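First up is the structure itself, then whatever we jot down about it.
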Amino acid sequence: MTSKSLRGMLVLLPLIMVVSITERSASAPALPNPVLYLMRTEPFQTGGKQFIRYRYDVFNKEAYPADFFAASPALPPCGTNTKAARTWVDFYDQSGKRLQGFCALSKPADLSGIWFAIEEGTIPPSWVYIELTDRQTNTKYKSNLAETVE
């Protein structure tokens, strides 16, 4: 091998590596963790009690494919819902206590309507996060900690 051909290979090697890495990641894209943020709080009443609802959105919801939320009757039901979504969404406080869950979101855009509620007069957690659980692959995607004050 001549020094000229060796130099040519050394110049091409980084390019070959970039193309190889790009092709690999294109065939098996990794999904990002959700980026959670508070949209607003609102009072509501149910069962004769007053509550504060904390409404959240996921900034990068478009990064999740539609089939992530497809009805999945082959997976275990959510209570009596036998067509629960492939991916479930759960709210937790900063210490890991589960606050609320959603098992029937049907599309990524539905992540803009997630919430949890606390009875009025109760001190809310300072921070919350969500976990998206893909039940088909048994993969969890944990969000950032998001504030509960506007």
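For region 35-91, the set of residues classified as without any contact (Cβ under 8 Å) to a residue 60 or more places away in the chain and of a type in the set (S, T, N, Q) consists of Q45, T46, N60, T80, N81, T82, T87, listed by residue number. For region 121-137, the criterion of being out of contact with any helix residue (DSSP H, G or I) (no Cβ under 8 Å at 6 or more places or on another chain), modelled with pLDDT under 95, among the polar types (S, T, N, Q) and exposed (fewer than 12 other Cβ atoms within 10 Å of the Cβ) is satisfied by at least one residue.
If you go through region 52-64 and keep only what is open to solvent by 40 Å² or more (accessible area, probe 1.4 Å) and of a type in the set (F, W, Y), you end up with just F59.
The values are calculated or read from the model by the stated rules, or taken from the named source; none is laboratory data. Quick caveat, the model's predicted, so the values are computed rather than measured. Note: ideal-geometry Cβ built from the backbone for every residue, glycine included; neighbour counts use all protein chains shown. Just so you know, the surface numbers come from the protein's heavy atoms only, side chains and all, with ligands and any DNA or RNA stripped out. Shrake-Rupley method; radii C 1.70, N 1.55, O 1.52, S 1.80 Å.
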